[in-house]
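First up is the structure itself, then whatever we jot down about it.
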Amino acid sequence: MVATEHPEGERLQKVMARAGLGSRRRCEELIEDGLVLVNGETADLGRRVDPEVDRIEVDGVAVSVRSGLVHYLLNKPAGVISTAADTHGRPTVVELVPAEPRVVPVGRLDADTEGLLLLTNDGDLTHRLTHPSFGVEKEYLAEVEGHPSRGALRRLREGVELDDGVTAPAQASLLAPNLLRLVIHEGRNRQVRRMCDAVGHPVVRLVRSRIGPLTDRTLKPGEWRVLDQAEVRALERAASASSTDGRPEGRR
């Protein structure tokens, strides 16, 4: 595959440096070492690119280099809907972050679920984070009814039979008699709640505490912050696997 040149575009190392991939010199070194691909082709130093259309990968990881991208980490409160708009007039997550530029939530948390949610206008990263084949981990703290037994934990770890098939093995541990820590990487609708129902311990309260490498215990419900460049890079690395289909992430 021969990548399209953009004679009027920007130098690749400048685009990479602006996207937070290192100093201009460090980006030049990455290119010289053959670690940078543009549209699937190994880039040469001096290559010019259009960051709006070219796909750039560094050491096997697709990176977002378009200008104007924003990434917000929100601690979603209960009762807020994970959509850009709601026909019933309920509060939505986009009302909790700046109105411009327009962003959308990455994946979904149902109205009663609390915790971390990413909102961005970065379509490429959104696709990779919600695509089932990437397997980006999400961690949840679930307060449940009753006291889960070792057998219940084993079922969660081995996979639970749901109406849409057996779940993939989850990481499951007991933090308190009725408090579960669950780590999953699938994207089924209301999956954590259904898994807990299936083992006989319905969820009383559910909080998402981690998205891939991202966590933040300082954010209070309703608060948000901008991700720094290192956090965006870490998300891109977490979502660097190749994909095979386009099923979206479901609500938890």
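The values are calculated or read from the model by the stated rules, or taken from the named source; none is laboratory data. All values derive from a computational prediction rather than experimental measurement. In this analysis, Cβ positions are derived from the backbone assuming ideal geometry, glycine residues included, and neighbour counts consider all displayed protein chains. SASA here: full protein model, heavy atoms, side chains in, ligands and nucleic acids out. Shrake-Rupley method; radii C 1.70, N 1.55, O 1.52, S 1.80 Å.
Of all DSSP bridge pairs formed entirely within the chain, close to 95 percent run antiparallel.
Each Lys and Arg adds +1 at its Cβ and each Asp and Glu adds -1 at its Cβ; summed about the Cα centre, the chain shows a dipole of about 900 debye.
Each distinct pair of alpha carbons in the chain adds a 1/r term; the inverse of their mean, the Kirkwood radius, is 19.7 Å. Element breakdown for the chain at a 1.4 angstrom probe: carbon and sulfur atoms account for 49% of the accessible area.
Its DSSP H runs of at least 4 residues, each contributing -39,500 (n - 2.57), put the calculated 222 nm mean residue ellipticity of the chain at -5500 deg cm²/dmol, to the nearest 500.
In the range 65-214, the DSSP beta bridges split such that about 90 percent are antiparallel, to the nearest 5.
A cut-off of 5 Å between modelled amide H atoms, ignoring neighbours fewer than 5 places along the same chain, links Ala170 with Arg157, Glu158, Gly159.
Taking Cα centre as origin and charging only the Cβ of basic (Lys, Arg, +1) and acidic (Asp, Glu, -1) residues, the dipole magnitude of the range 1-135 rounds to 280 debye. Loop-resident trypsin sites (Lys or Arg not before Pro) (DSSP state other than H, G, I, E or B) in the range 19-123 with no more than 13 further Cβ atoms inside 10 Å of their Cβ: Arg102.
Within the range 131-174, list the GluC sites (Glu not before Pro) lying in a DSSP loop whose Cβ has at most 16 other Cβ atoms in a 10 Å radius. Passing both the DSSP loop test and the Cβ count: Glu137, Glu145. Distance between the pseudo-spin-label points of Asp50 and Glu161 (7 Å out from Cα toward the beta carbon): 5.5 nm.
Quick one: if you stick a label point 7 Å off each Cα along the C-beta vector at Glu137 and Leu35, how many nm between them? Reported label-point gap for Glu137 and Leu35 is 2.4 nm. Within the full protein context, the accessible area of His147 is estimated at about 130 Å² for a probe radius of 1.4 Å. Per residue, the accessible area of the chain comes to 48 Å² when a 1.4 Å probe rolls over the protein heavy atoms.
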